[in-house]
Amino acid sequence: CARRIQKYVTKKFGEDWIFLILLGLVMALVSWGMDYASAKSLQAYKWMYRELHPNVAMQYLAWVTYPLVLILFAAIFCHLVSPQAVGSGIPELKTIMRGVVLKEYLTLKAFVAKVVGLTAGLGSGMPVGKEGPFVHIASICAAVLSKFMSIFCGVYE
């Protein structure tokens, strides 16, 4: 009886709707964290500009260097941690969907590089859209989550 219950529970946890709920929750949490961090970065940017009010030259220097430093950090971090995380990721994902295997494209290293780089890019105040890179981030989460879900029964097995 206990084995039947265990088999039933693992089979139910292996169904698609559990996977999709977990994927949605993880992506919502990642999106919220990125938005929160980039908003705090923009608040720090404005605060630094206001604090340098009497000195126009220092305000200009802060206005120019803050986004520059964040963009350079994002680019260097992505390049050093995972070069596969550079760019929007949609063309590479289309290539994967056509059957070509791209190594290290859907790994946790690429996830970290993409999230940190995109957060720094958004926090710099540059008009960087997060829709394209978020497709890559979601596909990484789905790949990692499907490996985790392979513990259970179902299509992930």
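The values are calculated or read from the model by the stated rules, or taken from the named source; none is laboratory data. If you're wondering where the values come from, they're calculated on a predicted model, not measured in any experiment. With ideal geometry, Cβ positions are generated from the backbone for all residues, glycine too; neighbour counts draw on all protein chains shown.
On inspection, Phe73 passes the criterion of being within 21 Å of Ser31 (Cα to Cα), at pLDDT 95 or above and either within 20 Å of the chain's Cα centre (by Cα) or not β-branched (Val, Ile, Thr) (or both). Met126 falls short on exactly one of the conditions (1) in contact with a Gly (Cβ under 8 Å, 6 or more places away or on another chain); (2) in a loop (DSSP other than H, G, I, E, B); (3) of a type in the set (A, V, I, L, M), and that condition is (1). Of everything listed in (1) in contact with a helix residue (DSSP H, G or I) (Cβ under 6 Å, 6 or more places away or on another chain); (2) of a type in the set (Ser, Thr, Tyr); (3) over 27 Å from Gly125 (Cβ atoms), the single unmet condition for Ser41 is (3).
Scanning segment 80-120 for residues that are aliphatic (A, V, I, L, M) and touching a His at 6+ places or on another chain (Cβ under 9 Å), which turns out farthest from Cys141 (Cα to Cα)? Write out each step before concluding.
Let us first name the residues in segment 80-120 that are aliphatic (A, V, I, L, M), namely 80-81, 85-86, 90, 93, 96-97, 100-102, 106, 108, 110, 112-113, 115-116, 118, 120.
Narrowing the set further to residues that are touching a His at 6+ places or on another chain (Cβ under 9 Å) leaves 85-86, 90, 93, 106, 110, 113.
Numbers: Ala85: 14, Val86: 17, Ile90: 15, Leu93: 13, Leu106: 8, Ala110: 11, Ala113: 13 Å.
Among them, the one singled out is Val86.
Consider segment 84-111 and keep the residues that are part of a helix (DSSP H, G or I), at pLDDT below 90 and hydrophobic (A, V, I, L, M, F, W, C). The one that is nearest to Ala74 (Cα to Cα) is Ala85. If you go through segment 81-96 and pick out every residue that is farther than 17 Å from Glu131 by Cβ, among the hydroxyl-bearing types (Ser, Thr, Tyr) and in contact (Cβ under 8 Å) with a residue 24 or more places away in the chain, you end up with 1. Being of a type in the set (A, V, I, L, M, F, W, C), farther than 20 Å from Tyr105 by Cβ and surrounded by 16 or more Cβ atoms within 10 Å (Cβ to Cβ) holds for only one residue in Leu23, Leu61, Leu70, and it is Leu70.
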